[in-house]
Amino acid sequence: MARRQHVTLTVVVGFMVFLAVTYMLSGRSHLHLHDKETKLDLGLSEGILTGGSIAPKLENATAKAELGRASWKLFHTMMARFPDKPSDDDRLALKTYIQLFARLYPCGDCASHFQKIIAKYPPQTSSRSAAAGWACEMHNIVNKRLKKELFDCNNIGDFYDCGCGDEDKKKKGEEIKERTDVTVEKEEGLVRGG
């Protein structure tokens with residue numbers, strides 16, 4: 001039990017650090033940090049977002065399942081906390097995070113599969129409800145491939161409660177009703193957000 005908590009904590013902390021770095025890198029093909037008159041160029045290329053998965057195959061089925069549950073929890077909670085009306089910078093930060101998440105995910109096979117999914121169904125970041133709905137559909141695509149039960153995306157907020165408080169629960173109920181603004185197109189039994 002302690003090992004499971006350790007792995008979950010490590011994944012969550014790692015992704016939070018990753019998110020902070022991703023936010024700093026979003027919106028730039030090269031990172032330029034301005035500190036009064038200091039300029040630092042780290043020379044990061046556009047290819048950093050489009051390369052293949054970095055991690056090797058994860059052989060341990062128990063570790064893979066545990067990592068998956070923790071990662072989906074983080075992923076859905078992040079979408080539940082995304083702004084209702086995000087700025088262009090917020091939207092770019094989330095898109096960048098998702099691209100890097102797909103490259104850096106610790107299960108190489110899983111990362112490769114997820115990269116193919118997001119190439120076909122790009123992240124939807126126009127609002128919290130669009131992002132949450134998109135994430136739920138992506139989770140269902142993965143679940144379908146793994147022959148797992150599909151989520152009712154109208155109730156995803158009930159399953160992945162972010163612990164945000166009663167006010168956010170009221171908003172979440174309203175956002176579920178607003179999800180109809182996400183355009184969907186059926187293709188081979190999958191849903192493409194638009």
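Read-outs: derived from the displayed coordinates by stated rules, not from any lab. Predicted, not measured: the structure shown is a model, and the values here were computed from it. Cβ: placed from backbone, ideal geometry, glycine included. Neighbour counts: every protein chain shown.
Numbers below:
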read-out: Sequence ranges 136-144, 117-125, 52-60, ranked by mean other-Cβ count within 10 angstrom, highest first; value: 136-144, 117-125, 52-60
read-out: Ranked TRP72, TRP134, criterion: other C-beta atoms within 10 Å, fewest first; value: TRP72, TRP134
read-out: Approximate spin-label separation ALA63-LYS120, in nm, with each point projected 7 Å along Cα-to-Cβ; value: 2.9 nm
read-out: Residues ASP90, ASP152 arranged by fewest to most Cβ contacts within 10 Å; value: ASP152, ASP90
read-out: Entries in LYS116/LYS148; LYS95/LYS144; LYS85/LYS144 that, when Cα-Cα distance is taken, lie over 28 Å; value: LYS85/LYS144
read-out: Cut-off 13 Å between beta-carbons: net charge of the residues surrounding CYS107, Lys and Arg +1, Asp and Glu -1; value: +1
